[in-house]
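These notes are about the structure you will find just below.
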Amino acid sequence: MHCGVAVGCALATYDEPMVPGAAVVSRSTMLASSVSSAFLPSAVTVRAAATTLSVVIPTYRRERILIETIDALRALPVAPDEILIVDQTERHEATTVAALDERVASGAVRCLHLDTPSIPRAMNQGLLHARGEVVLFLDDDLLPDATLIAAHRAAHAAHPGALIAGRVLQPWHEGKAVPDAPFSFACTVPQDVTEFMGGNFSVARAAALALGGFDENFVKVAYRFEAEFAHRWRVAGHTIRFQPLATIHHLKVAAGGTRAHGLLLTTMAPAHSVGTYYFALRTMAPLRCLAEYLWRPFRSVATRHHLRRPWWIIPSFIAELRGAAWALRLNRHGPRLLVGSATGGHERG
């Protein structure tokens, strides 16, 4: 069993300044910023920290971009204490296998393989196998800003017990000024929020495990699994803090990940819709949940896409009905949360 190399133990301290400038840089500048400390804001200083941080990356059917994401994280001026890959890919390309084996052998990463793809299960196994006191979950197709790890660490020091939601810049944000109101996960103002995005957030490992981790009844695309965890997190008395200095650039690669389940607007399968209905059953009052069940199928087809392509109305409506029925079946036996110790995966090496 290979362990992730301890490649950094530092903490940025600051008074939560806004991200300098709202305009977003080009991809070439993004890559430079991910490997150069010159891009650290002047308000950020680095000092030793006692808290250890593990990066966990669930991945599914990603090849070269996965290796590039790993290498970008390893090159950060303040790096994580370990990088744990939770790989659900059935069979990688030979070049990806060789690249992963090389990084595992060098101690740069640890790699856990799961036989059945599931976003919440992969994240639960990441929680169980991670060695850090704080676990930072990241997407497998991203470029990190130089401040990513330092900002997550500093935010936990400034807001003990909070879940830290990082900033996520999508491809359509690049090169544009992102408004700070209404709130979005691309804005630049630190603040308390009610949810988080699953591709860039950090949480105290012990606190997440105490809640039972992530509900594995969120199947396929697992839409709204973050919102359900956020609901339990807040009900337990915890807070969620948005920290824009903890920025990733999400590359939204077309192949692999949730895209392996098809596109929401062009499928009759319930992979996308089931999570919404299950979330309603788990978190909403009965009357509100009933309203969601009654109106969402109609809302789902009241889009410009369906107006321009009316032949997708019936398939989309069927997908919603199938998702609603599937959610009822999943909810019948209650949530599937973590119980016991690390199970169900084997570590490469």
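A short reminder: the numbers here are calculations on the coordinates, not readings from a lab. Computed from a predicted structure; not experimentally measured. Note that each Cβ is placed from the backbone with ideal geometry, even for glycine, and that neighbours are counted across all protein chains shown.
One Cα centroid belongs to the range 64-119, the other to the range 163-192; the line between them spans 27 Å.
Normalised by the number of residues in the range 257-332, what is the relative contact order in percent for Cα pairs under 8 Å and 6+ residues apart?
Numbers: 67 pairs, mean separation 38.7, N = 76.
Answer for the range 257-332 is 51 percent.
Projected label points at TRP311 and LEU294, each 7 Å from Cα along the beta carbon direction, are separated by 3.4 nanometres. If we count every other residue with Cβ under 13 angstrom of ARG224's Cβ, Lys/Arg +1 and Asp/Glu -1, where does the sum land? Charge balance near ARG224 sits at -1. Extension gain for THR51 to HIS333 (0.36 nm times residue separation, less C-alpha to C-alpha distance): 97.7 nm.
From least to most packed, judged by other beta carbons within 10 angstrom and beginning with the fewest, CYS289, CYS187, CYS111 follow the order CYS289, CYS187, CYS111.
If each residue of separation counts as 0.36 nm, what is the full-extension length gain between LYS176 and ALA285 once their alpha-carbon separation is subtracted? Mind showing how you got there, number by number?
On the way: separation 109, 0.36 × 109 = 39.24 nm, distance 3.95 nm.
Once the chain is fully extended between LYS176 and ALA285, it gains 35.3 nm.
Do any chymotrypsin sites (Phe, Trp or Tyr not before Pro) in the range 107-183 lie in a loop, going by DSSP, with at most 15 other beta-carbon atoms within 10 Å of their beta carbon, and if so which?
Numbers: sites: PHE137, TRP172, PHE183; in loops: PHE183.
Here the sparse-neighbourhood loop sites are PHE183.
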